[in-house]
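Here the structure is laid out as structure tokens; the discussion comes afterwards.
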Amino acid sequence: MPNCYLLHHLLEQAASLYPSKEAVVDLGSARRSLNYETLYEMASNCAALLEQHGLRRRERVAIYLPKSAEEAAGIFAATMAGGVFVDINSVLLGHQVAHILADCAASYLITSRREWRRIREDITDLRSLRHLLLVDDSADEVEERIPVIRRAMSEPGRPAGSTAIGEDLGGILYTSGSTGKPRGVMLAHRNLLAGSRIVTSYLEIGAAERILSMLPFSFDYGLNQLLTSFQNAATVVLFHYRFPAEIVRALQGENITGLAGVPLIWAGLVHHTSGLRETKLPSLRYITNSGGALSRATVRNLRSLLPTTKIFLMYGLTEAFRSTYLSPEELDRRPDSIGKAIPETEILVVSSDGTPCRPGEMGTLVHRGPTVSLGYWGKPELTQQFFRPHPFIPADQGGEMVCYSGDLVRMDDDGFLYFVARADGQIKSQGYRVSPAEVEEVLMETGELAQAAVIGLPAGDAGEKIHAIVVPMNSASFDAAQTLERCGRRLPAYMAPKSIEVLDALPKTPNGKIDYKSLRSARMEQLR
Amino acid sequence: METTTTIEDKIRNYLCRQYPALAAKGLKDNDPLAGTLDSLAVLSVVGFMEPEFSIELTPSDLTDENFENIASIARLVERLGASSLQ
């Protein structure tokens with residue numbers, strides 16, 4: 001067995017050592033269990049097809065599928081064939097998928113007939129997209145503009161294999177910033193493997209683990225659950241819920257040992273209709289939170305409802321894959337802390353003048369370590385802004401590139417970190433990063449507005465809710481409800497504005513930009 | 001004593017207030033809510049229903065059938081309200 005240095009080696013290794021072990025349980029409409037051998041075959045069949053149809057090294061293979069074994073296999077198939085995976089969240093709508101496909105110039109798209117029908121009208125730029133790979137077996141005519149390959153994972157095939165090395169780009173994860181459309185964070189194979197190795201070590205993930213996966217694989221935190229599970233030949237259980245009790249039933253019925261969630265999931269789990277109070281979950285060894293801070297009340301509830309479960313509070317940003325965690329023993333003493341750097345990693349707190357912050361002083365969180373990504377795809381200026389030389393060690397003395405998070409934190413005397421605020425206008429909604437600009441653009445597309453500004457307002461465990469402040473072209477005929485309805489059709493639920501407010505003009509900063517700070521602070525004042 | 005219409009209107013008003021997009025469509029009693037009432041919305045609508053109608057929901061009340069549309073939610077409220085009077 002060769003050393004593991006490429007993403008798909010995780011799957012290859014597990015399949016060669018434990019072929020009949022359960023790799024993925026898919027709790028879709030009907031429960032489906034797949035062992036490592038089957039999943040490996042699905043991925044290698046698909047990789048062989050990609051090679052046959054001309055995939056060249058480093059080309060991008062996008063995957064747009066609902067959470068499924070096929071989605072997982074597609075991610076590994078892409079790198080097995082020497083390509084780069086681009087996993088797209090299936091809650092995104094057609095115009096958003098179109099942006100990602102065009103931005104990274106994807107050559108292949110692995111999807112299903114149903115998903116493609118949902119988005120095809122919006123996919124008008126077909127300059128890069130050479131093939132559509134459908135995971136289902138359907139004779140229906142779905143696309144006449146580009147060649148369609150059916151049964152993308154079930155036709156037996158053996159790929160020649162990738163010639164990539166660990167430094168090569170393995171995947172691109174799209175995430176929002178404070179401006180513009182989502183940008184692609186480039187993760188090298190070695191970033192992905194380091195993230196998996198590091199998280200495995202501090203969560204002490206082993207072969208007996210049964211991990212409940214509720215978060216999308218397009219989200220670094222959700223993807224890492226898949227990688228850590230495969231690295232240890234453990235079992236990952238794919239799951240989607242609507243009602244709190246479904247989470248508890250899945251945890252119990254599948255003997256889940258580990259669960260990663262965002263605050264919204266914990267709000268559901270501690271809700272009185274979840275049935276958790278009446279249920280014992282002796283198998284549940286650990287839970288982890290990321291994607292937003294948990295309220296003290298929720299932490300308290302989780303502690304009392306899950307007395308034998310370890311609770312890890314974590315912090316991460318896609319640009320550096322994973323960053324900090326609070327060890328469970330510290331939770332009672334420092335429930336507000338995001339903890340310390342993950343293994344193999346150092347977190348620096350840097351002041352605005354570039355000097356190290358003293359304990360208690362607020363500064364930018366700067367991450368150095370093996371998970372610092374390669375930057376943003378096709379965005380050199382943005383990359384320079386977030387990825388910079390080590391602030392204190394010159395390059396000619398061994399200083400490397402580090403990641404500036406844009407998040408403001410402080411460190412206490414014992415070295416524990418506390419999140420203070422984001423430095424920019426980025427919104428965190430239901431665990432997702434949302435760019436105000438992207439929502440504003442959809443608002444402006446209605447053609448009814450002269451100006452629009454979008455801010456986040458506190459919404460408990462849901463993070464922030466999207467609030468729109470607009471200046472209509474014609475305030476007499478402006479219909480706020482209709483505008484929100486149109487946004488609701490153009491944006492996934494976590495991005496759609498929940499409220500709208502009409503002003504005669506938006507406040508400006510001295511430089512003539514929209515003054516988001518004053519818009520937000522005035523509304524925060526009203527909420528108080 | 002509340003009539004069925006009142007329960008349905010109260011739920012409709014709440015939903016339209018929380019999800020303004022629904023108001024524009026003129027939300028009817030039998031319009032499907034599956035796309036609107038996701039996991040987050042379910043928590044918020046339960047948080048509204050319980051004090052508003054003096055009822056308490058249990059895990060088995062939260063089903064796709066009960067949360068299919070306004071009419072089905074109203075039937076659930078009536079059922080739970082009736083049993084709490086006994």
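The values are calculated or read from the model by the stated rules, or taken from the named source; none is laboratory data. Just so we're clear, the structure is a prediction, and the values are computed from it rather than from any experiment. In this analysis, Cβ positions are derived from the backbone assuming ideal geometry, glycine residues included, and neighbour counts consider all displayed protein chains.
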* **Top-ranked residue in the range B:41-82 [being more than 19 Å from A:Glu278 (Cβ to Cβ) and of a type in the set (Ser, Thr, Tyr); ranked as nearest to the other protein chains (Cβ to nearest Cβ)]** => B:Ser44
* Quick one: A:Gly431 ticks every box in (1) under 20 Å from the mean Cα position of the chain (by Cα); (2) within 14 Å of another protein chain (Cβ to nearest Cβ); (3) modelled with pLDDT of 85 or more except a single one, so which number is it? => (3)
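A quick yes/no check of all residues on (1) modelled with pLDDT of 95 or more; (2) surrounded by fewer than 21 Cβ atoms within 10 Å (Cβ to Cβ); (3) in a loop (DSSP other than H, G, I, E, B):
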| residue | (1), (2), (3) |
| --- | --- |
| A:Pro19 | yes, yes, yes |
| A:Ala23 | yes, no, no |
| A:Ala43 | yes, no, no |
| A:Ala48 | yes, yes, no |
| A:Ala77 | yes, no, no |
| A:Val86 | yes, no, no |
| A:Ser90 | no, no, yes |
* Asked: Taking into account only those residues within the range B:22-35 that are more than 8 Å from every other protein chain (Cβ to nearest Cβ) and surrounded by fewer than 19 Cβ atoms within 10 Å (Cβ to Cβ), which is farthest from B:Glu65 (Cα to Cα)?
  -> B:Gly26
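Among the residues of the range A:490-498, is there at least one that is among the basic types (Lys, Arg), in a helix (DSSP H, G or I) and surrounded by fewer than 20 Cβ atoms within 10 Å (Cβ to Cβ)?
Pass one, the range A:490-498, residues among the basic types (Lys, Arg): A:490, A:498.
Those still in the list that are in a helix (DSSP H, G or I) too: A:490.
The next check asks that each one be surrounded by fewer than 20 Cβ atoms within 10 Å (Cβ to Cβ); those that pass are A:490.
Yes, some residue in the range A:490-498 is among the basic types (Lys, Arg), in a helix (DSSP H, G or I) and surrounded by fewer than 20 Cβ atoms within 10 Å (Cβ to Cβ).
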* **Single match in A:Val420, A:Val470 (criterion: surrounded by 20 or more Cβ atoms within 10 Å (Cβ to Cβ), assigned to a strand (DSSP E or B) and among the β-branched types (Val, Ile, Thr))** => A:Val470
* From A:Ala139, A:Ala105, A:Ala98, residue being modelled with pLDDT of 95 or more and out of contact with any strand residue (DSSP E or B) (no Cβ under 7 Å at 6 or more places or on another chain) -> A:Ala98
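So which residues in the range B:10-21 are within 9 Å of chain A (Cβ to nearest Cβ) and surrounded by fewer than 20 Cβ atoms within 10 Å (Cβ to Cβ)? Step through it out loud before you land on a result.
Keep residues of the range B:10-21 that are within 9 Å of chain A (Cβ to nearest Cβ), which gives B:16, B:18-21.
Hits for the range B:10-21 are B:Cys16, B:Gln18.
Somewhere in the range A:281-293, is a residue within 14 Å of chain B (Cβ to nearest Cβ), at pLDDT 95 or above and within 12 Å of A:Leu306 (Cβ to Cβ)?
Kept after step one, since they are within 14 Å of chain B (Cβ to nearest Cβ), are these residues of the range A:281-293: A:291-292.
Pick out the ones that are also at pLDDT 95 or above and you get none.
No, the range A:281-293 contains no residue that is within 14 Å of chain B (Cβ to nearest Cβ), at pLDDT 95 or above and within 12 Å of A:Leu306 (Cβ to Cβ).
Kindly indicate whether A:Ala480 is surrounded by fewer than 21 Cβ atoms within 10 Å (Cβ to Cβ) and within 14 Å of chain B (Cβ to nearest Cβ). Break it down stepwise before answering.
Details: surrounded by fewer than 21 Cβ atoms within 10 Å (Cβ to Cβ): yes; within 14 Å of chain B (Cβ to nearest Cβ): yes.
It is true that A:Ala480 is surrounded by fewer than 21 Cβ atoms within 10 Å (Cβ to Cβ) and within 14 Å of chain B (Cβ to nearest Cβ).
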* Structure fact -> Among strands (runs of 3 or more DSSP E) entirely inside the range A:323-390, those with 1 or more residues being outside the structural domain of A:Val185 (by TED's automatic domain parsing) and polar (S, T, N, Q) are A:324-326, A:363-368
